[in-house]
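To start, the structure itself, in structure tokens.
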Amino acid sequence: MTPENRLVFVGTSDLGGIVRGKSFPQSEWEARLTKGVGWVPTNAQITCFDTISDSPFGSLGDLALIPDPQARFTIDTIDRPMDFAIGDICHLDGEPWNNCTRSLARKAISDFHQTTGAMPLIAFEHEFQIRQQTVRSGDAFGLKGFRDSQIWAEPLIQALRQTTCVPDTFMKEYGPAQYELTNKPATGITAADNAVILRVLTHDVLSQFGVTASFSPILDPASVGNGVHIHLSFIDENTDPLTYDPRDPHGMSRLTRHFIGGILKHLDQLVAILAPSEISYLRLVPHRWSAAFNNLGYRDREACVRICPTSGDNEQKIARQFNFEVRAIDGAASPHLALAALMFAGTQGIKDETEPPPPTQEDLSLLNPQALEQKGFKRLPQSLGEALDLFDKSQAARGWFGAEFVDLYVAHKRGEMEQLDGLDWAEKCKRYGDVY
């Protein structure tokens, strides 16, 4: 096939974290940079189960999905090449659509930059499981599972290296047939794009080896979950680090403290974005090494926000490495929406000079609600329905995302939940496992 007849796929990570879009011949690339491909507002209400939730748009309206030339990749894989671009949903005059996940992330990043003069440096850390792989006993973080995966892991790393998503580490994780793949940090919107690319290529490359990866939050109610951890730090226009301050007992600069304070203050109102499936809440419980409370921890993997370790032997090296991660996120979330939520909340914390509670040094699950409140902590929502109620009522979220988006998102997720009525937890896990 001649190159001009190859198809370019332009996609968006939608409200359910699914990549949807259209393709066109490569020869039309220049024209499509302006006019894009046709898109429909009600497409936003297609759930992860391919049903359509209540839509305020009905059959009306026209939009354009416009590819971003900075987010286009031609990737040589074993089976067939992929020409893929991430796009923005716009009105026909080119203005961003209020409900475009990528445009919302860009808006949140811009607000942060205008408020602080800084830029966020971000990396998404993903866990996933292989559904056909024979589970080996005694292989948590093991060599045997790593060797089982090497046949597809190395081609996946090769494919990622052809994009902006530069791989960092890969390992056999704790759970059965579970793996973790991390990538190098990137600035701004590229970081969320990289998370989309990583998921797309993992599914694409592994399918060529006859195996299926699932980023679903949990495949078995009795087993481990799969999380997404978003690592954040800040740099100035000269790329000098702004996250670390050696005078702080835990190394946090004023900017970092207030950003984390904003996240923790608003977290319960945003979990519907970060953990957006019914089964997400099987993970967000104490002692699952995920997150159950809106707490800050110093190198504590039960904390919702964790200050990560550094290995530098001087302050300059430590400042370059110093970062924190948000752990109440999973692979059912759109990377762009998850990043937007954190940036909006963190920026609000900076504007309000919100101080976070001190890092926890105890098991919060042992405290009663009154003791938690006295210490400034909240139990995170324990169901998607509860999380959606908090998001729906949040004046902060409506101010950041817009009332139209909040109403749309809540309706979208309510429609998703209707598809699971009457199913037990194992059946719900299977439905999500098939999708993600």
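The values are calculated or read from the model by the stated rules, or taken from the named source; none is laboratory data. Keep in mind that this is a model prediction, so the values were computed, not measured. Neighbour counts run over all protein chains shown; Cβ positions are idealised from the backbone, glycine included. Note: accessible area is taken over every heavy atom of the protein model, side chains too, but ligands, DNA and RNA are not part of it. Shrake-Rupley method; radii C 1.70, N 1.55, O 1.52, S 1.80 Å.
Here is the tail figure for the range 341-436: Cα pairs spaced more than 22 Å apart come to 51 percent of all pairs.
Note on the range 176-308: Cα-Cα pairs beyond 25 Å make up 37% of the total pair count.
Using the Cα centre of the range 386-436 as the reference point, and only Cβ charges (+1 on K/R, -1 on D/E), how large is the resulting charge dipole? Debye, rounded to the nearest 20.
Numbers: 7 positive and 11 negative charges, 32 e Å.
Its charge dipole is roughly 160 debye.
This model, with +1 at the C-beta of Lys and Arg and -1 at the C-beta of Asp and Glu, gives the chain a dipole about its Cα centre of some 540 debye. Of the peptides 255-264, 199-208, 158-167, 271-280, the ranking by mean beta-carbon count within 10 Å, highest at the top, reads 271-280, 255-264, 199-208, 158-167. Classify the chain from the C-alpha gyration tensor, please: rounded if a/c falls under 1.5, else prolate or oblate depending on whether a/b exceeds b/c. Judged from the Cα gyration tensor, the chain comes out rounded (a/c under 1.5). Once you have a ≥ b ≥ c as the square roots of the Cα gyration tensor eigenvalues for the range 60-180, tell me rounded if a/c is under 1.5, and otherwise prolate or oblate according to whether a/b is larger than b/c. Taking the square roots of the gyration eigenvalues as a ≥ b ≥ c, the range 60-180 is prolate.
Which whole-number percentage describes the relative contact order of the chain, with Cα contacts under 8 Å and a sequence gap of 6 or more? Don't jump to the answer; show the numbers that get you there.
Details: 888 pairs, mean separation 80.2, N = 436.
Contact order relative to length: 18 percent.
Rounded, prolate or oblate: which one fits the range 1-60, using the alpha carbon gyration tensor with axes a ≥ b ≥ c (rounded when a/c is under 1.5, else prolate when a/b beats b/c, else oblate)? All intermediate terms of the calculation are to be shown ahead of the outcome.
Working: a/c = 3.32, a/b = 2.06, b/c = 1.61.
Prolate, since a/c reaches 1.5 and a/b exceeds b/c.
First compute the accessible area of the chain with a 1.4 Å probe, then give the percent of it belonging to carbon and sulfur atoms. Here carbon and sulfur together make up 50 percent of the probe-accessible area.
Could you give the length gained by full extension between VAL135 and GLN419, i.e. 0.36 nm per residue of separation minus their alpha carbon distance, to one decimal place? If you can, show how the numbers build up before the last one.
Working: separation 284, 0.36 × 284 = 102.24 nm, distance 3.05 nm.
99.2 nm is the gain from fully extending VAL135 to GLN419.
Averaged per residue, the chain has 41 square angstrom of accessible surface, using a 1.4 angstrom probe with ligands and nucleic acids left out.
The charge dipole of the range 289-406, taken about its Cα centre with unit charges on the Cβ of Lys, Arg, Asp and Glu (plus for the first two, minus for the last two), comes to roughly 160 debye.
Evaluate E = 1/(1 + (r/R0)^6) for HIS250 and GLN370, where r is the Cβ-Cβ distance and R0 equals 25 Å; express this FRET efficiency to the nearest 0.05. Walk me through the numbers on the way to the answer.
On the way: r = 27 Å, r/R0 = 1.06.
According to the calculation, E is roughly 0.40.
The residue among SER311, PRO276, PHE344 whose Cα reaches farthest toward the positive pole of the charge dipole of the chain, with charges on the beta-carbon of Lys, Arg, Asp and Glu, is SER311. Legend: residue pairs LYS184/LYS393; LYS107/LYS413; LYS35/LYS393; LYS172/LYS378; LYS35/LYS428, Cα-Cα distance threshold 31 Å; pairs beyond threshold, LYS184/LYS393; LYS35/LYS393; LYS172/LYS378; LYS35/LYS428.
Could you sort 376-382, 323-329 so that the peptide with the highest average Cβ count within 10 Å comes first and the rest follow in order? Present the calculation step by step, with values, prior to reporting the outcome.
Details: 376-382: 18.3, 323-329: 25.4.
In decreasing order of mean packing, 376-382, 323-329 become 323-329, 376-382.
When only Cα pairs below 8 angstrom with a gap of at least 6 residues are kept, the range 230-289 shows a relative contact order of 15 percent.
Quick check: residue separation of LYS430 and GLU154 times 0.36 nm, minus the Cα distance between them. What number comes out in nm? All intermediate terms of the calculation are to be shown ahead of the outcome.
Details: separation 276, 0.36 × 276 = 99.36 nm, distance 2.81 nm.
Stretched out fully, the LYS430 to GLU154 stretch lengthens by 96.5 nm.
Using alpha-carbon pairs under 8 Å, 6+ residues apart, how would you state the relative contact order of the range 180-311 in percent?
Values: 115 pairs, mean separation 17.4, N = 132.
Contact order relative to length: 13 percent.
Would you please put 180-191, 393-404, 333-344 in order of how densely packed they are, using the mean number of other Cβ atoms within 10 angstrom per residue and starting with the highest?
On the way: 180-191: 19.7, 393-404: 16.2, 333-344: 28.4.
Ranked from most to least packed, the peptides come out as 333-344, 180-191, 393-404.
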